Amino acid sequence: MSLPAVIAAAGILLAATLLHYAFWSWRLAVPPVEDELLSVPTRDGWTLGLGRCRPRVAARLPPVLLVHGIAMNRQAFEFGVERYALAAHLARAGFDCFSLDHRGHGASRRGPGAPRRWNLDTYLREDVPAALDAIRAVTGAEQVLWVGHSQGALMGLAACQRYPERVAGIVALGAPAHFDVQERLKKLVLLRFTVLGRFTRVAARMLAPLSGHWHPAWADLAINMRNVERPVYRRLLANGLENLEAGVLEQFAAFIREDSFRSMDGEVDYRAGLERCAQPALFVAAERDGLAPPAVVQAAYRRWGGPKRYVVFERDYGHTDLLLGRGAPEQVFPVVREFLLAHSRPAGLAAALEERG
């Protein structure tokens, strides 16, 4: 084949790829289920997205902060198919719900001079207090009830230690605070995905229309496709996935290599700190979870110092299935809701108590 023909073929392939990406990004796009999107500035120059879903019945306090997992965004909780939107489910129980986009995810935006690299410590030091302050500014509440999935659950366990006066209770969905039994994950992390991680979002959108026909074996670590409806999975790939940040990957690689849960500089051992936490906590595990198997979640549960409950969902539940599994709205969401109701109070009662005080 002549050089001009090769160039022409390459051009046609590139154009087809771009058209494929643009069409399916548009075709599968679904907006988050939310009432408003707040822009939250951090001290170091980022602006975070904070979706708000207002209470649909008599309001309860504290408000709820929902925090997504690695390489995801706030659509983990404000999913565009309302049946699977945990924030909307909790709003119908009276909670004022705020779903966070960490820096580099969803609606977050980098300002001039803001850091281009970050890790989990950055989330704790910058993003979490910014979100807590924003929620206090719009609701007047000093505390939140934290609902986190995966990495977001780990951030919540650490936030309970770092900001104990700001977190009233926590729901930890699939929290991998231990890394001693995930052999497949250990092998996978050797690849580090540092370069590939920069293209996670593009790759997810490119593969979205093919989902259900092909599912790589390693992806079973994060989701059990047999327990997720294909239209839901396609929309997750097209809307809910983000790039993997190198600094975050580096910190998780250290966790997995050492079987630890610590600050990157090694000065703070968050796993050891679980025993000093006093907040009520709900630890939720999934039987087929490859990232946070039940034994791992239960180990963190046993360490927790405050009032606690452990629940495991069996049968077909995997890691992300706790949010998007076929039966999650009827099986998982009510467990989360009832725990939060048990550790909240009517907003009117709270105002009355403050006046008396």
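Using a Förster distance of 25 angstrom, determine the FRET efficiency expected from the C-beta separation of ASP259 and GLU314, and round it to 0.05.
On the way: r = 25 Å, r/R0 = 1.02.
Computed FRET efficiency for ASP259 and GLU314: 0.45.
Can you tell me the orientation of helix 294-303 relative to the chain, as the angle in degrees between its alpha-carbon axis and the longest Cα principal axis, to the nearest 10?
30
Neighbour counts of other C-beta atoms within 10 Å: give me ILE7, ILE170, ILE70, ILE256 arranged from fewest to most.
Numbers: ILE7 10, ILE170 28, ILE70 23, ILE256 18.
Ascending Cβ contact count within 10 Å gives the list ILE7, ILE256, ILE70, ILE170.
With charges set only on the Cβ (+1 for Lys and Arg, -1 for Asp and Glu), what does the dipole of segment 263-344 come to about its Cα centre, in debye to the nearest 20? Can you show the working numbers first?
Details: 10 positive and 11 negative charges, 52 e Å.
Taking the Cα centre of segment 263-344 as origin, the dipole is about 240 debye.
Starting with the highest mean, order 107-118, 317-328 by the number of other Cβ atoms within 10 Å, averaged over the residues of each peptide. Don't skip to the end; give the middle numbers.
On the way: 107-118: 13.7, 317-328: 24.2.
Peptide ranking by packing, descending: 317-328, 107-118.
When a footprinting reagent is the concern and you count Cβ atoms within 10 Å, what order do MET72, MET206 take, fewest first?
Values: MET72 25, MET206 17.
The order, fewest Cβ neighbours first, is MET206, MET72.
With each run of n ≥ 4 DSSP H residues scored as -39500 (n - 2.57), what mean residue ellipticity at 222 nm is computed for the chain after dividing by its residue count and rounding to the nearest 500 deg cm²/dmol? Write down the numbers at each step before the final one.
Values: 14 runs with 135 residues, N = 357.
Helix contribution divided over all residues of the chain: -11000 deg cm²/dmol.
Quote the Stokes-Einstein diffusion coefficient, in whole µm² s⁻¹, for the chain, based on the Kirkwood radius over alpha carbon pairs, a temperature of 25 °C and a viscosity of 0.890 mPa s.
118
Of the DSSP beta bridges with both residues in the chain, give the percent that are antiparallel, rounding to the nearest 5. Mind showing how you got there, number by number?
Working: 17 of 42 bridges.
Around 40 percent of the beta bridges assigned by DSSP in the chain are antiparallel ones.
So, in Å, what gap is there between the alpha-carbon centers of segment 301-338 and segment 32-95?
About 19 Å separates the Cα centre of segment 301-338 from the one of segment 32-95.
Could you please state, rounded to a whole Å, how far the C-alpha centre of segment 215-291 is from the C-alpha centre of segment 113-153?
About 17 Å separates the Cα centre of segment 215-291 from the one of segment 113-153.
Quick one: helix 128-139 against the long Cα principal axis of the chain, what's the angle to the nearest 10°, folded into 0 to 90?
Rounded to the nearest ten degrees, it is 60.
With angles folded into 0 to 90 degrees, how steeply does helix 3-27 sit against the dominant principal axis of the chain? Use alpha carbons for both and round to 10.
30
Take the chain, connect every pair of alpha-carbon atoms lying under 10 Å apart with a spring to form a Gaussian network, then pick out the residue of ALA22, ALA203, ALA130 with the largest mean-square fluctuation.
Most flexible of the set in this elastic network: ALA22.
Values in this text are rule-based calculations from the coordinates and carry no lab data. Keep in mind that what you see is a predicted model, and the values were worked out from it rather than measured. Virtual Cβ from ideal backbone geometry, glycine too; neighbours counted across all protein chains shown.
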